[in-house]
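Read the figures in this text as sums done on the coordinates, not as results from a lab. Keep in mind that what you see is a predicted model, and the values were worked out from it rather than measured. Neighbour counts are summed over all protein chains in view; Cβ atoms, including those assigned to glycine, are modelled from backbone coordinates with ideal geometry.
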Amino acid sequence: MPTYFLSTNTSPEQSSLIERNLKTTIPDLINIANLEEIAKDISSQQNAPVYILVAGPADNPGYIDRFVEIATQQRGRFFFILISADISTANYKRLVRTGSADWVSVAGAPQEIAEIFAKRRSALNVVDRGAGEPEKPTTIAFLPSAGGVGNTTLLAEIGVWLKLQKATKDRRICVVDLDFQTSHVCDYLDLEPRLQIQEIAQDPTRLDAQLFEIFVSHHSSGLDVFAAPRSKFDVSELSVAALDALFEMIAKRYDLILIDLPVTWFNWTGEVVANSNAVVVTGINTIPCLRQLSQAMAAVSDARPHSSPDSVAIVINRCERTLLGGVERRQHVESVLKDEVVFYVGSDPAAFVEASNTGTPLAQSGASRKTIKEISAVADFCMGVKSAKVKAA
């Protein structure tokens, strides 16, 4: 794994100190004066990640702007790690959103860089899971029974919450948004959507490891997201083969895959539902939506005739609460959805509006603890699902 050190806008003394500290954990670190020096190495290291550790200032807006610009331009060729004093949260998000850069503090550089290397090795490489047939990832499909029921928000909150928990923070978790026309999961997480589904729709064989990495949006929590920029792409022309190629690459790199399905049922929706290890159907507590939930559950049953009933759950989202904190009109749900696994997530409009506007999920901000607790119950259901010998699409 070639790793280079580049010092910019720092004193020779500070640069020398940072380099000595880095060599305690990266003894083969290569000192360079500019990016052009490593251009000749790229041809011989095409399949290896090339890391460039850059010592630079933290308080220079123009420098950060230029750093982000270079990282974006060189995405897929280099991965940059800025070593500096503390930077603002906004600038850190800008670096992470490039998909090809990160930041570490000067004091913690060796250890923090080692952690970044380990995380990226886990994401980029096919992990040997031991002898015998490789273990399959766990795939959970989230199916909205109607539009506007909070399916995407719920799924994003679950992904971030799991990455923030001690017991699951090291699990490789990703969100795959299959709503290619009106995707908004990246808006909620303050990320740039990068999945260019059109590039593989007609020729799935184009998808290789390098193109795959470009498609990933990395959230600061450690959650990875595959989502397309909103467009008028004709989803009806998307073949199962294209999704197979995408999910085959994803399955090699992640332990838990959360799939955000669109409301519209396409020719490939049944395949995704049938081959997921579990399905979560989302809705809200109104009479029309409860009827839609019942119909959605029937469609899921048709697609998964031999699956265990315990592998399908319902989330009643945005529930109104009683004076004592219970769920309003709970009896309506129980009368329509008898014998089903049902979770209730309360409505907290102010908290969710703030989360949407700031790009900071409730799981990170700590707001609305009761709602977070209810979301965590759904996350526990997802973590309790055992993977089977199936493919995601």
**Asked** Using a basic spin-label model with each label point 7 Å from the Cα along Cα→Cβ, how many nm lie between Q198 and Q210?
**Response** 2.2 nm
**Complete:** Percent antiparallel among DSSP beta bridges confined to the range 237-363, nearest 5, equals 10 percent
**Message:** As a footprinting exposure proxy, order H218, H306 by other Cβ within 10 Å, with the fewest listed first.
**Reply:** H306, H218
**Asked** How high is the relative contact order of the chain, in percent, with contacts defined as C-alpha pairs under 8 Å that are six or more residues apart?
**Response** 17 percent
**Fill in**
Taking a straight Cα-to-Cα line shorter than 20 Å from K252, and setting aside same-chain aspartates and glutamates fewer than 8 residues away, one finds D128, E133, E135, D170, D177, D208, E213, D224, D244, D260, E271
**Asked** Roughly speaking, what is the stretch gain from V341 to S16, that is 0.36 nm per residue apart minus the C-alpha to C-alpha distance, in nm to one decimal?
**Response** 111.0 nm
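Just subtract the alpha-carbon distance of D86 and E320 from 0.36 nm times their residue separation and send over the number in nm, one decimal. Before the final figure, lay out the partial values.
Numbers: separation 234, 0.36 × 234 = 84.24 nm, distance 4.20 nm.
Computed gain between D86 and E320 is 80.0 nm.
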**Asked** How high is the FRET efficiency between D28 and K119 when r is their beta carbon distance and R₀ equals 22 Å, given to the nearest 0.05?
**Response** 0.65
**Message:** Connecting C-alpha atoms closer than 10 Å in a GNM of the chain, tell me which of A167, A101, A377 has the biggest fluctuation.
**Reply:** A167
**Prompt:** Straight-line reach from K338: which aspartates and glutamates have Cα under 14 Å away, leaving out those fewer than 8 places along the same chain?
**Reply:** D310
**Request:** Give me the aspartates and glutamates in straight-line cross-link reach of K370: C-alpha distance below 20 Å, same-chain residues under 8 apart excluded.
**Result:** E157, E320, E328, D348, E354, D380
**Prompt:** If you line up the long axis of helix 369-384 against the longest principal axis of the chain, both from Cα atoms, how many degrees apart are they, to the nearest 10?
**Reply:** 90 degrees
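Hey, fewest Cβ within 10 Å first, where do Y92, Y51 land in order? Numbers along the way, then the final one.
Details: Y92 17, Y51 21.
The most exposed by this proxy come first: Y92, Y51.
One-quarter of the Cα convex hull surface for the range 3-124, in nm²? If you can, show how the numbers build up before the last one.
Values: hull surface 28.4 nm².
Average projection, Cα convex hull of the range 3-124: 7.1 nm².
Could the peptides 175-185, 152-162 be put in order, highest first, of the mean number of other beta-carbon atoms found within 10 Å of their residues?
Ranked from most to least packed, the peptides come out as 152-162, 175-185.
Run the helix sum for the chain: -39,500 (n - 2.57) per DSSP H stretch of 4+ residues, divided by residue count, reported at 222 nm to the nearest 500 deg cm²/dmol. Present the calculation step by step, with values, prior to reporting the outcome.
On the way: 16 runs with 155 residues, N = 393.
Rounded to the nearest 500, the figure is -11500 deg cm²/dmol.
May I ask for the net charge around A367, where only other residues with Cβ less than 15 Å from the Cβ of A367 are counted and Lys, Arg are +1 while Asp, Glu are -1? Can you show the working numbers first?
Numbers: positive: R369, K370, K373; negative: E157, D348, E354, E374.
So the surrounding residues net to -1.
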**Prompt:** Exposure proxy check: V336, V225, V54, V353 ranked by fewest other beta carbons within 10 Å?
**Reply:** V353, V336, V54, V225
**Complete:** For the chain, percent of DSSP beta bridges that are antiparallel (nearest 5) comes out at 5 percent
**Request:** Work through the residues other than K93 whose Cβ is under 13 Å from its Cβ and net out their charges, Lys, Arg +1 and Asp, Glu -1.
**Result:** -1
**Request:** With Rg/Rh (Cα atoms, Kirkwood Rh) defined as stated, name the option among (1) 1.40; (2) 1.00; (3) 0.97 computed from the structure displayed.
**Result:** (2)
**Message:** Just to be sure I understand the model, the point goes 7 Å from the Cα along the line to the Cβ. What's the resulting E36 to F266 distance in nm?
**Reply:** 4.6 nm
